[in-house]
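This report concerns only the one structure given below.
The values are calculated or read from the model by the stated rules, or taken from the named source; none is laboratory data. Given the structure is predicted, the values throughout are model-derived calculations rather than measurements. Here the Cβ is made from the backbone with ideal geometry for all residues, glycine too, and neighbour counts use every protein chain on show. Keep in mind that these areas ignore ligands, DNA and RNA; they rest on the heavy atoms of the full protein, side chains included. Shrake-Rupley method; radii C 1.70, N 1.55, O 1.52, S 1.80 Å.
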Amino acid sequence: MLTIYQWVDGSLREVVTPDGPCWINLADPSSEEILRVQTLTGVSREFLSDPLDRDERPRLDVDDDGTVLIVVHVPYHEPNENLHPFNTLPLGVVHTSNAVITVCNRPTPIAASFLDQIRRVCPPEQKFRFTFHLLWHAAILYLRYLRDIRQRADLVEQELHESISNEGLMRLLNIEKSLVYFTTSLKADDILLSRIRTTRQLDIDEDDLDVLEDVRVEYQQALEMASIHSNILTGTLDAFASIISNNLNNVMKFLTSMTIVLTVPMLLASIFGMNSWLPFVRNGNPAGFFIVVGLAVVLVIVTVVFFSRKRFF
């Protein structure tokens, strides 16, 4: 999908053909759309196709003609995905002489959020400030998704406190994977922002650097938040694993104790069931049977008391 915006009367308006500085947004573009953007801006195809690779890492690249490529990782949420509803993907921001181009392999809510927030939008000719405002919205989206992830984890933990199930543990594991994706991407983004601030290849004025510093603060806050949630969730999973192991040990102790308790009367029955002379049954004593049963009951009670004191029950 190809969308072109120009600064008109203090806001961004969608146009068909730009006649000046503009913002070109490419989301899951076709080959024809990429070719059209190449024709309009003269940017190399590699700068437009590299961010479409899901494995592309955050980086900064400056071409010989002054064209700048900034690749960052931004979050996205897939409501219909059960395994990994939260993930990250590369977003490329290309600066040409008359345009800012954003390239992503799927539509993200960052563009819509960017258009809705008038305070954080500026003309595309202010390329770096425009880019930094766009990254600020990506950082805010990270924070929003992290709060959502924390709420989901809390709900699953409450369910597991009532009854530990494999489904609940798998849901927690998937949430932990999302946090790992977020933490890894935020660390790489923070390194990239530091490089943008210190590199001599880019001519960024002091006002735009102040905006960049605000963006870094938001990214560092998101990184710290993701790290804390990830550590808490890892500890929670370890605690539930210990609880499951402890419950299994308790069950095994109980079953072992019950096996021993039931073995006592079976042993007596086996002994007194032999075809040989035995006490209590000599000369056909009618009380012999009850004596043997009573002895078995006494031994069972003694065994149960012994295991109870050892907390096997």
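Annotations for the structure displayed:
- Degrees separating the helix 127-162 axis from the principal Cα axis of the chain, which is the longest one: 10 degrees
- Cα gyration tensor shape of segment 152-247, rounded if a/c is under 1.5, else prolate or oblate by comparing a/b with b/c: prolate
- Relative contact order (%) - segment 54-189, alpha-carbon pairs under 8 angstrom, separation at least six: 24 percent
- Peptides 73-79, 53-59 ranked from most to least packed, by the mean per-residue count of other Cβ atoms within 10 Å: 73-79, 53-59.
- Global form of segment 1-128, assessed from the alpha-carbon gyration tensor, a/c cut-off 1.5: oblate
- Bridgeable lysines around Lys187 (alpha carbons under 17 Å apart, same-chain partners fewer than 8 residues away excluded): Lys177.
- Taking every protein chain into account, the accessible area of segment 1-51 amounts to 52 square angstrom per residue (probe 1.4 Å).
- Electrostatic dipole magnitude of segment 154-221 [Cβ: Lys, Arg +1; Asp, Glu -1; Cα centre; debye, to 20]: 500 debye
- Averaged per residue, segment 135-271 has 56 square angstrom of accessible surface, using a 1.4 angstrom probe with ligands and nucleic acids left out.
- Length-normalised contact order for segment 99-171 - Cα pairs under 8 Å, 6+ apart - percent: 23 percent
- In summary, no lysines lie within cross-link reach of Lys127, defined as a Cα separation below 19 angstrom excluding same-chain residues under 8 places away.
- Among (1) 5, 24, 35, 26, 9, 1, 0; (2) 5, 21, 21, 13, 9, 7, 6, 6, 5, 4, 2, 0, 0; (3) 5, 22, 29, 24, 15, 5, 0, the entry derived from the coordinates for P(r) over Cα pairs in 10 Å bins from 0, in percent: (2)
- The value of relative contact order for the chain, using C-alpha pairs under 8 Å at least six residues apart, is 14 percent.
- Nearest-ten-degree value, helix 166-198 long axis tilted from longest Cα axis of the chain: 30 degrees
- Peptides 291-297, 16-22, ordered by how many other C-beta atoms sit within 10 Å of their residues on average, highest first, read 291-297, 16-22.
- Solvent-accessible area, 1.4 Å probe, carbon plus sulfur percent, for segment 67-181: 49 percent
- Cα gyration tensor shape for segment 106-184, rounded if a/c is under 1.5, else prolate or oblate: prolate
- Taking Cα atoms only, the orientation of helix 288-309 departs from the longest principal axis of the chain by about 30 degrees.
- Theoretical gain in end-to-end length, Asn231 to Ser30 [0.36 nm per residue, Cα-Cα removed]: 68.3 nm
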